[in-house]
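Comments concern the structure below.
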Amino acid sequence: MIKSILGAPVLGSMLAGGVAVAAETYDLGGAAIGVPSVVWYKPGGTDAVAVFVRGKDGHMYAQVGDGEGGGWTGWAAIGELKLKSDPACVATSSSVIDCVAMGPNNNIYRTRHNAKAFTWSQWENLGGYGTGAPGIARTVNEDGDLMLDVFVSGPNNLLFLNAFDGDEWSDWQNLDVTVGGAVACTDILVVGAHCYDTSGGTAVQFSDLTRTSGDDVLIADLGGQVNGKAAPVVSGKKGNNLHVFVNGPGKRLWVKSWNGQFSDWMQLPVAIGSGAPGCGIKKSGGDVWCAVVDGGNGPVTAVWIGEDEL
């Protein structure tokens, strides 16, 4: 069994999970609201999947599995901050996870997990003013340095970026593009980040937001019929294999993929209720894990998607 990343006991306000309820779904239990965030990482060199949610008491909770549907640790809270949005998390290395969320006064907060030490940092106030849940991406700048990029819709529904180079934050930069609320973001082609706005019922892609702004941002409507946030994931050494997962027609998981060009939307053989998914994939590619809270309020279901399904 994988040792819990949480460094805290399972709390009574969340239920233990890990029960398979169908061939590709697992009931993780709990009492969550909103949209989960899912991260593949490698604590101790072993593949693991971490699922992060906002509990009904406002705290962030996490649960970890072994990536094959077993070894789930049960839920426990991360820190004392009461969130005002869903968390967004990313593996910034094989043993480091960064999470961001909107907290008091609509400021954006960040916490970091060190999987080698099994520790979490205190929630750090990054300032800003969010009008929706933030997005997060791990990228590399033109010099090859690792960057942590945090995006959020702010005043006047304009999209803002705050970037961390390992030493300091850039402070919030107005990207001068309008979004409808919460955004979902991912790295792309290693050096850039794309974000997705689904507030209009389709998946609208904002491209290369770490290097462009204003009229230089390429905006493309990918279509589809989308309920709630999108869940974009990227794999491949060059970061050129993109999948955008959504809750689509029939309350099923749908995906649109890109590797040089976009595929059509494809329905996957799993029903996810009325909640929006959060998804994660290994950087080397392969299977995908998603998680969903049906109706955005209640227990959490994890979904395993084999590579051959994509």
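The values are calculated or read from the model by the stated rules, or taken from the named source; none is laboratory data. Small disclaimer: the values here were computed from a predicted structure and weren't measured. Note that we place each Cβ from the backbone using ideal geometry, even for glycine, and neighbour counts take in every protein chain shown.
Taken over the stretch 260-297, the residue count meeting the criterion of being more than 20 Å from ALA137 (Cα to Cα), touching a Lys or Arg at 6+ places or on another chain (Cβ under 9 Å) and in a strand (DSSP E or B) is 8. Filtering the stretch 67-80 to residues that are buried (at least 20 other Cβ atoms within 10 Å of the Cβ) and within 17 Å of ILE108 (Cβ to Cβ) leaves only ILE78.
Every listed requirement among (1) at pLDDT below 95; (2) surrounded by 14 or more Cβ atoms within 10 Å (Cβ to Cβ) is met by GLN205 save one, (1).
Of the residues making up the stretch 208-218, those that are surrounded by fewer than 16 Cβ atoms within 10 Å (Cβ to Cβ) and either in a strand (DSSP E or B) or acidic (Asp, Glu) (or both) are ASP215, ASP216. Taken over the stretch 106-146, residues that are crowded, with 17+ Cβ neighbours inside 10 Å and touching a Pro at 6+ places or on another chain (Cβ under 7 Å) amount to 2. Within the stretch 75-102, can you find the residues that are under 17 Å from GLY181 (Cβ atoms) and small (Gly, Ala, Ser)? Across the stretch 75-102, the qualifying residues are SER85, ALA88, ALA101.
Looking at (1) under 20 Å from the mean Cα position of the chain (by Cα); (2) farther than 24 Å from ASP176 by Cβ, which one does GLY250 not meet, given that it meets all the others? Of (1) under 20 Å from the mean Cα position of the chain (by Cα); (2) farther than 24 Å from ASP176 by Cβ, only one is false for GLY250: (1). Criterion applied to ASP149, ASP221 was being buried (at least 21 other Cβ atoms within 10 Å of the Cβ) and either modelled with pLDDT of 95 or more or more than 15 Å from the chain's Cα centre (by Cα) (or both), and the one residue passing it is ASP149. Among residues of the stretch 250-264 that are under 13 Å from ASN227 (Cα atoms), those with a Cβ under 6 angstrom from a residue that is in a loop (DSSP other than H, G, I, E, B) and hydroxyl-bearing (Ser, Thr, Tyr), sequence gap 6+ or separate chain, pair up as LYS251/SER274. Every listed requirement among (1) surrounded by 17 or more Cβ atoms within 10 Å (Cβ to Cβ); (2) at pLDDT 95 or above is met by PRO43 save one, (2). Of all residues in the stretch 122-146, which are closer than 21 Å to GLU80 by Cβ and without any contact (Cβ under 8 Å) to a residue 24 or more places away in the chain? If the condition is that a residue be closer than 21 Å to GLU80 by Cβ and without any contact (Cβ under 8 Å) to a residue 24 or more places away in the chain, then GLU124, ASN125 are the ones that fit. When SER257 is tested against (1) outside any strand (DSSP E or B); (2) of a type outside the set (A, V, I, L, M); (3) crowded, with 16+ Cβ neighbours inside 10 Å, exactly one condition is not met: (1). Return yes when ALA291 is among the aliphatic types (A, V, I, L, M) and free of Cβ contacts under 8 Å to residues at least 24 places away in the same chain and no when it is not. So ALA291 fails the test.
With the condition kept exactly as written, say whether any residue in the stretch 229-251 is at negative phi, part of a strand (DSSP E or B), among the basic types (Lys, Arg) and buried (at least 21 other Cβ atoms within 10 Å of the Cβ).
No, there is no match, as no residue in the stretch 229-251 is at negative phi, part of a strand (DSSP E or B), among the basic types (Lys, Arg) and buried (at least 21 other Cβ atoms within 10 Å of the Cβ).
Pairing residues of the stretch 148-176 that are part of a loop (DSSP other than H, G, I, E, B) with residues that are at pLDDT below 95 and not polar (S, T, N, Q), at Cβ distances under 8 Å and at least 6 apart in sequence or on separate chains, gives ASP165/ASP145; ASP165/LEU146; GLY166/ASP145; GLY166/LEU146.
For the stretch 182-200, state whether one or more residues are assigned to a strand (DSSP E or B), of a type in the set (Asp, Glu), under 25 Å from LYS84 (Cβ atoms) and modelled with pLDDT of 95 or more. The answer is yes, given that some residue of the stretch 182-200 is assigned to a strand (DSSP E or B), of a type in the set (Asp, Glu), under 25 Å from LYS84 (Cβ atoms) and modelled with pLDDT of 95 or more.
Restricted to strands (runs of 3 or more DSSP E) entirely inside the stretch 53-124, those with at least 2 residues that are among the hydroxyl-bearing types (Ser, Thr, Tyr) and within 18 Å of the chain's Cα centre (by Cα) are 88-93, 108-114. Does GLY180 fit the bill of being surrounded by fewer than 24 Cβ atoms within 10 Å (Cβ to Cβ) and touching a helix residue (DSSP H, G or I) at 6+ places or on another chain (Cβ under 9 Å)? So GLY180 passes the test.
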